[in-house]
1. Is there any pair with a first residue in segment 73-85 that is within 12 Å of residue 30 (Cβ to Cβ) and a second that is β-branched (Val, Ile, Thr) and surrounded by 15 or more Cβ atoms within 10 Å (Cβ to Cβ) whose Cβ atoms are under 6 Å apart and which are 6 or more apart or on different chains, and what are they?
2. Here are some conditions: (1) at pLDDT 90 or above; (2) touching a helix residue (DSSP H, G or I) at 6+ places or on another chain (Cβ under 7 Å). Residue 13 meets all but one. Which one does it not meet?
3. Can you tell me how many residues in segment 1-28 are buried (at least 16 other Cβ atoms within 10 Å of the Cβ), small (Gly, Ala, Ser) and not in a strand (DSSP E or B)?
4. For segment 29-43, indicate whether the set of residues that are part of a helix (DSSP H, G or I), in contact with a strand residue (DSSP E or B) (Cβ under 7 Å, 6 or more places away or on another chain) and under 21 Å from residue 5 (Cβ atoms) is non-empty.
5. Could you please find all residues in segment 44-55 being out of contact with any helix residue (DSSP H, G or I) (no Cβ under 8 Å at 6 or more places or on another chain) and assigned to a strand (DSSP E or B)?
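The values are calculated or read from the model by the stated rules, or taken from the named source; none is laboratory data. What you see is a predicted model; the values in this text were computed from it and never measured. Neighbour counts are summed over all protein chains in view; Cβ atoms, including those assigned to glycine, are modelled from backbone coordinates with ideal geometry.
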Amino acid sequence: MKKRYEALFILDIKGKDEAANDIIDRLKEEFQKEGAAVETVQKMDKRQFTYVAGKLDSGFYANFIIECEPEVLGKLKTKFDLDRDVYRQSYSKAPKKVERAAKPA
């Protein structure tokens, strides 16, 4: 049974803000290739870390809402662990989508 998840990524864009769009598009394609439906993508911003994490002092944040089987999520986590552009990833269950009734004319 498919479930909704929120996936938060911190990307290592190596100083090039323009690279974030390319990486986010590639991540979206990877989600879809594994059978996850991408509902929304929220491109946040580049933020400074409160402390230097190894060689990285900032990262670009991106948030995805996806719907997939739990097994697919495990495969995606493993795949993105090996991705050099993904510094951190975090997943949580997303609340159920609420359909709004149409306004009367």
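1. 80/86; 85/23
2. Every condition holds for residue 13 apart from (1).
3. 1
4. yes
5. 44, 45, 47, 48, 49, 50, 51, 52, 53
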